[in-house]
């Protein structure tokens, strides 16, 4: 058994030395490892004497963002949506022209987060109070009770965020 292991080790060692010798004597073109992403471009001119690379990161540098502002209508958004307007912004990726958040936007984000949190708490309480009504249904009662609780929690979060942003005056964007 030791002879087999020794022989196998010798064969692998000789093979590794042979591969290393081939790689050291090779004078072909260099191996290029270029960073490639969604917004990069490059061109390479390579020869035996060397290579030249033209690399451009964040290409295209000017970006365009289009955003639709929709509002839900009716109770729990059942009445569909109304498109208020479409905005288009042009900005430079990573540049100093990027849009900064103003105090009003920050206040609206905070109001939406707080309202969502409080609404989810109220909705979960209402759902937990309504869930026992469904628990008596054979086989599917516990599943329906859990669904009612989760549904009420999610709808409470939506209503809470909508109410908080309305009270903060954020609908006029």
Worksheet item: (1) modelled with pLDDT under 75; (2) surrounded by fewer than 10 Cβ atoms within 10 Å (Cβ to Cβ); (3) not in a loop (DSSP other than H, G, I, E, B): which one isn't true of residue 96, the others all being true?
Response: (3)
Discussion item. Only one of 112, 103 is surrounded by 15 or more Cβ atoms within 10 Å (Cβ to Cβ), free of Cβ contacts under 8 Å to residues at least 60 places away in the same chain and closer than 30 Å to residue 87 by Cβ. Can you tell me which?
Written reply: 112
Worksheet entry | Pairs, first free of Cβ contacts under 8 Å to residues at least 40 places away in the same chain in the stretch 133-157, second exposed (fewer than 15 other Cβ atoms within 10 Å of the Cβ) and assigned to a loop (DSSP other than H, G, I, E, B), C-beta under 8 Å, six or more apart | 144/137
Worksheet entry | the stretch 99-131, residues that are over 14 Å from residue 157 (Cα atoms) and touching a helix residue (DSSP H, G or I) at 6+ places or on another chain (Cβ under 7 Å) | 107, 108, 128, 130, 131
Worksheet item: Has the stretch 25-41 got at least one residue that is assigned to a helix (DSSP H, G or I), farther than 30 Å from residue 62 by Cβ and at pLDDT below 80?
Response: yes
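The values are calculated or read from the model by the stated rules, or taken from the named source; none is laboratory data. All figures in this text were calculated on a predicted structure; none of them were measured in a lab. No Cβ is skipped: glycine too gets one built from the backbone with ideal geometry, and neighbour counts run over all protein chains shown.
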